[in-house]
Amino acid sequence: MTMKTMKLAAAFAVLCAASPAFAGKGGSAGLIADAIHSGSTDAIIAEVERTEALMCPDCVQLVTNLLEDNRYAVREVAAWWFAKRPGLNVLMTSQMLDDLKFGDAVHVRNAADYLGGVVSHASIPALTDAMNRGNVSADAKLAIVRAIRVMTNKAGNPILVKGMSDGDAGVRAASAAAWREIQGQVGAVPVVGLLNDGDANVRAQAAQVVGAMGEVNAHGTLEVLVVSDADPVVRRNAAWALGQLGQSASRAALSAATLDKSGLVRNYAKVALTQLH
Amino acid sequence: VKHAKNIAIGAALFTLAGIGCSDDSSGPLGNVDALIILQRPKRNDGGDIFQYTSYIPGARLIKLEPPTADGKITELCCSNAGAEFQQMDIMAYDLSFDAKSVVFSGRLSTQQSFGLFLLNLEDGSVTQLATDPARDFVSPMFLPGDKILFVANAVVENGAPQFQDEYERGTTTQVGRINVDGTGIELGARNLSHRAHPSLASDGRVMMTEWRHLGGVNEGDLIFMNSDMTSQREAYGREGTGFSNSYLKAREISPGRFITIATARDRTLQAGVLLDVRLGFASTSDGVLRADDQMSEAHASSVSLTPDVPSDREPSANTIGRYYDAFPLNAKEHPDLLVSWADGPVESGVLGEAGVDAVFGVYLYDSEHQQRHPILLDQDMWTVFARPLQARTAPPVASSAIDPKLAGTGLIGSMNVYDSTLHTFNPGEVFGVRIMEGFSSEGGGPRMFGTTMFEGHANIGLARVQTDGSWMANVPANIPVHLQAVDVYGMSLFNEPVWISVRGGESRVCGGCHEDRAKTTVIDPGLTMAFHDIKSAMSATPRQQRIATDVDLGNANLITTGMTPQQTLDATDKLVGMAWDKAVQPMFNGRCTGCHDGTPGPANPSYQIVDPVTNTVVFAFTFNLTATPVMIPGTEGPQTYPASYVSIAGVDMEAVERLHLMITGDYKTYAEPMNSRGSLIIQKINPMQVYPAPTTQRAFTTTAHSVDAGGVGYPELTQAESLRLILAIDNGLNYYARENSAQHD
């Protein structure tokens, strides 16, 4: 993989440094390098955070390299570091947008995580295009969905809807779960269909989302799931969702679920019964 | 406390015939039949003290009976609980008062969040409590009255995202509680940063760690709150009274006395020094040392029980190690403790580099002789949170302090704002108390609000101080607010450096503006004048509407001479978020930029930052109040902050010093965040009086810039314009406000 480079004058970092710099102190390029050498995710995160407001030209390439780390937590803190440096962020965002268009699956993944990490709302159309590319891996799609979840922006809804029909169950589950986290989101109509998905985790995520979003029309399907789904997590989430929806018609199903063989389900069903109208 | 040498402690490690391993029934474990212990697969993540999502399957709760190194281990949970529990990780647990059940926070798989589970010790059954399956619920603890307290990343405010902490970007955990039967879940008010590691005191209050972070403060301190999640109060660690940066996993030794882990915020696997914290004056009776006489942060003290263990983030030495948790077995002056301890460099970077994990094991710690006596160690596991498996006395159930008459809002105020240990006010100089809401970037807003490291701010109201010094305000429940005492010019006289929050129906009235903590203050809001003039600080305004309109932000005549006091307050209350591009830059345009346009000269002083080693200019800048994006030498691209913001906010002087750079030329810091009164630009403008009604009286005796500039190119700023700049500075000198958020477009 080709590492990104930032041909930057030292002045970049100066400008981005703060007036009275408070928290996020005590770091240096050397400490970041040591942390990277240690391989410890915790150490890398801690040291990158410590250079939050430091004018540190030598940090730029180190942190740039971290944008291509295999660990999401590391890529995320590296993006956060760039978000604290608007001038650098403009340049890096431009490169990442190119990666979304032309990069391989790993570059698309990294680019999406970057754009989410710096909360680049303007990149949502490019993320949408990338989601629609035919040659993007499940990992990359997960990152695109994750970026929308971080931004909590309704403009990303088409990405989530697309993700809900993806061939990869992880992408479908993540897309459904992200639907709930979008600010101002109303209803969960696109999620309802996933209650019958072949993957248990997708069904489980869909159940909690339709419950949290008050998608009343889903109660019939949920009533079936709560008593008959083979997966106890799905039954549990269906019970919770039925409680959130509060439909009196769900009483029989929930009553039956109070006797569920799994300890995951029984209390959820009992509590849900108390929430029915 | 004697300071034992390392070698003595090391030798003690090999002493198996320690107190806990003997048959002497008079020892600290003499009346303990069994211990309950948590074992988690060892790991090298979650080093930050507020991390809670670390997951590796294979945790278990065990019983060790008798509590000795050769005791019998019996698994209590969860491999025998069913197929769905086989991949369980367990974060923390608590034992019920009758010792018949355990509540624990567990995670079933990577695809699941942490939930709350009840383990029935009599039949081994495990039941998950009905919490939101998409949110994490951790660190549960039994409360008297058949309730369980927890911290969770669920959000109390419907439709709002939970806060993300500025550091580690973790979704913050806040306090909540639920009935043991799974019903009645309720979430407490939230702060901008995490609240974590709760434990129960014998007076029924809850002690926990709160990440205190406002501007320059960044630490985890101990706070109290009532079991109904009201009446939060500082306990230990604040205002320079502490021992280290952070304190966690506090447990009561005796009334007013707690054992806690003292360490840095990150990289130490949540492990550190064993610290004996005494909140009041200590006294000893029947061998029990307690410290509940006149408890206050001002009277608090601490004793390190492990003086060789680093209290910061330095790697610990071999045989010294770090302590993960402690459970007091008695309340002697030098208490005996059940502890979890790991040897060697318990620091994530060193461990990562060596490719090893810390291995915490359970020991009996004799703090008088600073000796550890091994009880249980598993090289593949973290063996932690050991405690006697026995019943205990429940504290009394505290009555709820929630007042339904507040209709879901919160009430805050002071009996007398002039009563302060942190600042001396001149009589009559405080016009009001500014109430500011805090927020982070969780709503999809920018990752940073400016270059000054302050959280997002929104002015939600100015409560007038009455002649008796009192003030009160209704505020929205469950949001963090921050207070400033303000003069008649709208400038902050004193900034209280802490975020507070109240539940719906909670009253939080203090004695003063950080009154003497050692003094007894009678809090009776009904006696104050403010009780009859309670300010409504957007208490019923939804979050999305707690913003200023572009029209109001751009209205130079929002405040005019001739307004009544009420009209003035109503007008200034419209200035909510000081988005630089909407509230400040338009004011500079035309009024200031005729002279301050970046053309070097007396009106636009220049400076350079130079690297003296290479003699290269790192950065050159000329004062400029235009919106011109600052261009970077090398032309790689424009800085996104305008020159005006760079001019006023300046550069990071600490970083200049740290990198041994030099500033040549005429550099000044024109604004000090949260201190408009002390800011050069405000002194230069010399604003006119705003409150109670606008007048032409100026704030300072110096000549106003409109006069010394000779009237050339500088029309006088209106009072509304001056106030916007004052607010921008007192809000932390941010560039962005909620008014910039894409979610508000």
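Observations, loosely collected:
- Segment B:528-550: number of residues that are part of a helix (DSSP H, G or I), touching a residue at least 12 places away in the same chain (Cβ under 8 Å) and of a type outside the set (D, E, K, R): 3
- Cβ separations smaller than 6 Å between residues 6+ apart or across chains give the following pairs from segment A:127-142 residues that are closer than 19 Å to A:ALA173 by Cβ to residues that are among the basic types (Lys, Arg): A:MET131/A:LYS162; A:ASP139/A:ARG109; A:ALA140/A:ARG109.
- Residue check for A:ARG251: modelled with pLDDT of 95 or more and within 12 Å of another protein chain (Cβ to nearest Cβ): no
- So A:ALA79, is it without any contact (Cβ under 8 Å) to a residue 12 or more places away in the chain and of a type in the set (A, V, I, L, M, F, W, C): no
- Pick from segment B:135-152, criterion farther than 24 Å from B:ALA391 by Cα and within 14 Å of chain A (Cβ to nearest Cβ), ranking: surrounded by the most Cβ atoms within 10 Å (Cβ to Cβ): B:PHE137
- Residues located in segment A:88-119, provided they are more than 10 Å from every other protein chain (Cβ to nearest Cβ), crowded, with 20+ Cβ neighbours inside 10 Å and not in a helix (DSSP H, G or I): A:GLY103
- Only listed residue being out of contact with any helix residue (DSSP H, G or I) (no Cβ under 9 Å at 6 or more places or on another chain) and on the phi < 0 side of the Ramachandran plot, chosen from B:SER246, B:SER231: B:SER246
- Among the candidates B:ASP276, B:ASP266, the residue that is in contact (Cβ under 8 Å) with a residue 24 or more places away in the chain, surrounded by 24 or more Cβ atoms within 10 Å (Cβ to Cβ) and over 20 Å from B:PRO198 (Cβ atoms) is uniquely B:ASP266.
- Filter result for A:GLN208 (more than 12 Å from the chain's Cα centre (by Cα), at the interface with chain B (Cβ under 10 Å from one of its Cβ atoms), of a type in the set (S, T, N, Q) and assigned to a helix (DSSP H, G or I)): yes
- Members of segment A:71-81 found to be more than 9 Å from chain B (Cβ to nearest Cβ) and assigned to a helix (DSSP H, G or I), listed by number: A:TYR72, A:VAL74, A:ARG75, A:ALA78, A:TRP81
- Residue check for A:THR41: facing chain B (nearest Cβ under 10 Å), at pLDDT 50 or above and touching a Cys at 6+ places or on another chain (Cβ under 7 Å): no
Residues are listed down the side, and each one gets a yes or a no for (1) in contact (Cβ under 8 Å) with a residue 40 or more places away in the chain; (2) away from every other protein chain (no Cβ under 14 Å); (3) within 28 Å of B:ALA720 (Cβ to Cβ):
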site	(1), (2), (3)
B:THR561	yes, yes, yes
B:GLN566	no, yes, yes
B:ALA583	yes, yes, yes
B:MET587	yes, yes, yes
B:VAL610	yes, no, no
B:THR626	no, yes, yes
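- Tally of residues being touching a Leu at 6+ places or on another chain (Cβ under 9 Å) and small (Gly, Ala, Ser) across segment A:177-203: 1
- In segment B:199-240, the residue that is nearest to the chain's Cα centre (by Cα) out of those that are within 14 Å of chain A (Cβ to nearest Cβ) and in a loop (DSSP other than H, G, I, E, B) is B:HIS213.
- The residue that is nearest to the other protein chains (Cβ to nearest Cβ), counting only those in segment A:150-171 that are outside any helix (DSSP H, G or I) and over 16 Å from A:GLY116 (Cβ atoms), is A:ASP168.
- Within segment B:96-115, the set of residues being among the aliphatic types (A, V, I, L, M) and on the phi < 0 side of the Ramachandran plot comprises B:VAL102, B:VAL103, B:LEU108.
- Residue in segment B:561-594 that is modelled with the highest pLDDT, counting only those that are of a type in the set (Gly, Ala, Ser), over 33 Å from the mean Cα position of the chain (by Cα) and part of a loop (DSSP other than H, G, I, E, B): B:GLY562
- Some residue of segment B:296-318 being basic (Lys, Arg), closer than 25 Å to B:ASN245 by Cα, buried (at least 24 other Cβ atoms within 10 Å of the Cβ) and in contact (Cβ under 8 Å) with a residue 40 or more places away in the chain: no
Matching residues to (1) within 21 Å of A:TYR268 (Cα to Cα); (2) in a loop (DSSP other than H, G, I, E, B); (3) acidic (Asp, Glu); (4) at the interface with another protein chain (Cβ under 10 Å from one of its Cβ atoms):
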residue: B:PHE117; (1), (2), (3), (4): yes, no, no, yes
residue: B:GLU122; (1), (2), (3), (4): no, yes, yes, no
residue: B:PRO133; (1), (2), (3), (4): yes, yes, no, yes
residue: B:ALA154; (1), (2), (3), (4): yes, yes, no, no
residue: B:GLU157; (1), (2), (3), (4): no, yes, yes, no
residue: B:ARG169; (1), (2), (3), (4): no, yes, no, yes
residue: B:LEU192; (1), (2), (3), (4): no, yes, no, no
residue: B:HIS197; (1), (2), (3), (4): no, no, no, no
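- If you filter segment B:241-256 down to residues that are in contact with a strand residue (DSSP E or B) (Cβ under 7 Å, 6 or more places away or on another chain) and not in a strand (DSSP E or B), you find that the one that is surrounded by the most Cβ atoms within 10 Å (Cβ to Cβ) is B:GLY256.
- A:LYS270 modelled with pLDDT of 95 or more and touching a Ser or Thr at 6+ places or on another chain (Cβ under 7 Å): yes
- Just one residue in the set B:GLN174, B:GLN128 is buried (at least 23 other Cβ atoms within 10 Å of the Cβ) and in contact with a Lys or Arg (Cβ under 6 Å, 6 or more places away or on another chain); that residue is B:GLN174.
- Contact map, segment B:384-400: residues that are part of a strand (DSSP E or B) paired with residues that are among the small types (Gly, Ala, Ser), Cβ distance under 6 Å, separation 6+ or inter-chain. Pairs shown: B:VAL384/B:SER340.
- On the stretch given as segment A:173-187, residues that are surrounded by 24 or more Cβ atoms within 10 Å (Cβ to Cβ) and within 22 Å of A:ASN217 (Cβ to Cβ) total 5.
- Among the residues making up segment B:612-623, those that are outside any loop (DSSP other than H, G, I, E, B) and within 13 Å of chain A (Cβ to nearest Cβ) are B:THR616, B:VAL617, B:VAL618, B:PHE619, B:ALA620, B:PHE621.
- Residues of segment B:326-380 that are in a loop (DSSP other than H, G, I, E, B), within 14 Å of another protein chain (Cβ to nearest Cβ) and of a type outside the set (A, V, I, L, M): B:PRO345, B:GLU347, B:GLY355, B:ASP357.
- Pairs, first under 19 Å from B:VAL618 (Cβ atoms) in segment A:44-63, second assigned to a helix (DSSP H, G or I) and at pLDDT below 85, C-beta under 6 Å, six or more apart: A:LEU54/B:ALA655; A:MET55/A:ALA13; A:MET55/A:VAL14; A:MET55/B:ALA655; A:CYS56/A:ALA13; A:PRO57/A:ALA10; A:PRO57/A:ALA13
The values are calculated or read from the model by the stated rules, or taken from the named source; none is laboratory data. Keep in mind it's a predicted model, so treat the numbers as computed, not measured. All Cβ positions, glycine included, derive from the backbone under ideal geometry; neighbour counts span all protein chains shown.
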